[in-house]
1. Are any residues in the stretch 1-31 hydrophobic (A, V, I, L, M, F, W, C), more than 17 Å from Glu313 (Cα to Cα) and modelled with pLDDT under 95, and if so, which ones?
2. For residues that are in contact with a helix residue (DSSP H, G or I) (Cβ under 6 Å, 6 or more places away or on another chain), aliphatic (A, V, I, L, M) and more than 16 Å from Tyr279 (Cβ to Cβ), scanning just the stretch 90-109, find the one that is nearest to the ligand (Cβ to nearest atom).
3. Against the condition more than 17 Å from Ile26 (Cα to Cα) and at pLDDT 95 or above, how does Arg368 come out, does it pass?
4. Name the strands (runs of 3 or more DSSP E) wholly within the stretch 110-207 that hold at least 3 residues that are within 16 Å of the ligand (Cβ to nearest atom), crowded, with 23+ Cβ neighbours inside 10 Å and modelled with pLDDT of 95 or more?
5. For the stretch 42-73: of the residues being crowded, with 18+ Cβ neighbours inside 10 Å and within 30 Å of Glu363 (Cα to Cα), which is farthest from the ligand (Cβ to nearest atom)?
6. Cβ-Cβ under 6 Å, sequence separation 6+ or interchain: first residue in the stretch 117-129 and touching a residue at least 40 places away in the same chain (Cβ under 8 Å) and over 10 Å from Gly171 (Cβ atoms), partner hydroxyl-bearing (Ser, Thr, Tyr) and part of a strand (DSSP E or B). Which pairs?
7. So which of Arg411, Arg331, Arg402, Arg380 ends up being surrounded by fewer than 16 Cβ atoms within 10 Å (Cβ to Cβ), more than 18 Å from Cys210 (Cβ to Cβ), modelled with pLDDT of 95 or more and touching a strand residue (DSSP E or B) at 6+ places or on another chain (Cβ under 8 Å)?
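The values are calculated or read from the model by the stated rules, or taken from the named source; none is laboratory data. Everything quoted here is computed from the prediction, not taken from an experiment. Cβ placement follows ideal geometry from the backbone for every residue including glycine, while neighbour counts extend to all protein chains displayed.
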Amino acid sequence: MTQTALTPALDARRLRADFPAFELEIHGRPLVYLDSANSSQKPRQVLDAMREFYETSYANVHRAVYTLGERSTAGYEGAREKVRSLVNARAAREVIFTRNGTEALNLVAYAWGLDNLGPGDVVVATELEHHSNFVPWQYVAQRTGAAFAVIPIDDQGELRLEALAEIERRGRVKAVATALVSNTLGTIVPVAELAAWAHERDAVLVVDACQAVPNRPVDVQALGCDFLAFTGHKMLAPSGIGGLVGRQELLQRMSPFELGGSMIRKVTAEKTTWADLPYKYEAGTPPIAEAFGLGCAIDYLNAVGLEAIERHERELTEYAFARLGELPFVRVFGPPADRRGGLVSFDVEGVHPHDVAQLLDGEGIAVRAGHHCAQPVMDRFSVAATTRASFYLYNVSEDVDRLVEGLAIVRARFS
Ligand SMILES: Cc1ncc(COP(=O)(O)O)c(C=O)c1O
């Protein structure tokens, strides 16, 4: 395939001007950033708004009865409402702020799992999970005596749902944990189908949407999930903020996850009672400016349009597939381009992914190399690691061309 410009779903070239990182040169070359699935770059709109927030509106939240405290609380709670609207949660109190996606998933595994699982129960996760939605469930299953079952993936990295029949024979299915989009293979999981299966068995469905909320419309009610985790740093927001969206009835019944300030109603030597949602799950001083920054990032994403971002990523992924297909020494893992999110994991014959990433860095190209916190996926494909290029709203087709040129250089060094 020749190097063609894509018909734009959005104007990535214009958007790039919002991101200071794209003014950088790395080793004398303009930066090509292909690691947004790991963490995204941040636009000036978010950076400037956070600075202004700290300069004009910062104090602790919820406990200050003065103007700065009120401004700060308004910024923090305003962000909660923006998250609610973004994922179509039923109420803002169903949105719990956490420090990242991992904390959101641990919150469910501990606060729901420890009280609701026991011998004879089965917790189900998929083979393509990020460790954050795998290890906590495996651990809580071990702690409670429940069985831990894994839905396997096929050679294209898609779920083998026929395995559910065998999994069900292992006991009472109580929880199903799945990603919406795999961070390693890009697989888009049929979550609504899993939700129906889980709910027919009175199980809860926990969706790790860390790789979906940044780049496509996500609707918790349409998905039918009971809990949904996401993380801010992959969606133009600062690090240190993420969230769990959960069904109110479940959140109300569950025990707290962390204990201390801000999450109590009344404390005496005999007994402590808990604050209402969402504060019952937000112990201590929360990431205030980070939540505010997340709200600003959501404004930015909404202004660009989530549908447009999804389409842009799909076009770039299809282009990357076609161009990587020109390189006989590159093997791509996972489903075809039209059935995956905006990332491509691959192997360069005879070159370790860490060498690939290091040599690409020498060309100014940032990619991720490693097991992507998904060792079961690496085992499934009998590799220790892969190289991953991931796309976002600011990537352009020339970034893919630079990657392909870079890989030819890498290969030449090793042959
Ligand atoms: C699918 C998926 N789940 C969970 C996480 C963990 O998110 P965080 O790094 O915010 O804890 C990541 C991030 O790498 C991810 O890609």
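1. Hit for the stretch 1-31 is Met1, nothing else.
2. Leu105
3. Taking the combined requirement at face value, the residue does not satisfy it.
4. Hits in the stretch 110-207: 172-179.
5. Among residues in the stretch 42-73 that are crowded, with 18+ Cβ neighbours inside 10 Å and within 30 Å of Glu363 (Cα to Cα), the one farthest from the ligand (Cβ to nearest atom) is Pro43.
6. Short answer, once both residue conditions are applied: Thr126/Thr178; Leu128/Thr187.
7. Arg331
Residues checked against (1) farther than 26 Å from Ser85 by Cβ; (2) under 23 Å from the mean Cα position of the chain (by Cα):
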{"position": "Gln156", "(1), (2)": "yes, yes"}
{"position": "Glu162", "(1), (2)": "yes, no"}
{"position": "Ala177", "(1), (2)": "no, yes"}
{"position": "Glu200", "(1), (2)": "yes, no"}
{"position": "Val206", "(1), (2)": "no, yes"}
